[in-house]
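The block underneath contains the structure these notes are about, expressed in structure tokens.
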Amino acid sequence: MNQATIRVAIAEDQRLFRECLVSILNATGHLQVVGEAANGKELLQRLATLQPLPDVALLDLTMPDMNGLETTQHLKRDFQGGAAPDLPRTHHARDRRDALPQRPYGGRPPQ
């Protein structure tokens, strides 16, 4: 079976982690990192000139200049039909919990 290659963009401010993630994803054989940046603002600038757009964007929640949640808002507004933001990635449990969608009754999922 021939799998289509999934094009990935990454925004992560920790350079070493970003480089490791790029290496791991590219090694899978069916994922290709086509854009990487140290923050959301930089990623949006790169995506403005990238064609075709990535299929998936992996975003850190806590980055300088523009965090993952702000970047997601810009991606949804400016790049419809392109990179679909994936769940933002973070090292901090509090950030992961806060990034989850609220339940209909307004509560967040348990920690």
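The values are calculated or read from the model by the stated rules, or taken from the named source; none is laboratory data. Being a predicted model, the structure only gives us computed values, none of them experimental. Glycine gets a Cβ as well: all are built from the backbone with ideal geometry, and neighbour counts include every protein chain shown.
Going through (1) assigned to a loop (DSSP other than H, G, I, E, B); (2) modelled with pLDDT of 90 or more; (3) among the hydrophobic types (A, V, I, L, M, F, W, C) one by one, residue 87 falls short only on (2). Within the option set 53, 44, being at pLDDT 90 or above, under 12 Å from residue 9 (Cα atoms) and out of contact with any strand residue (DSSP E or B) (no Cβ under 7 Å at 6 or more places or on another chain) holds for one residue only, 44. A count restricted to segment 56-75 and to residues that are assigned to a helix (DSSP H, G or I) and buried (at least 16 other Cβ atoms within 10 Å of the Cβ) stands at 7. Tallying residues that are surrounded by fewer than 17 Cβ atoms within 10 Å (Cβ to Cβ), part of a loop (DSSP other than H, G, I, E, B) and touching a residue at least 40 places away in the same chain (Cβ under 8 Å) within segment 4-31 yields 1. Of all residues in segment 42-52, those satisfying the criterion of being surrounded by fewer than 18 Cβ atoms within 10 Å (Cβ to Cβ) and closer than 18 Å to residue 73 by Cα are 45, 46, 48.
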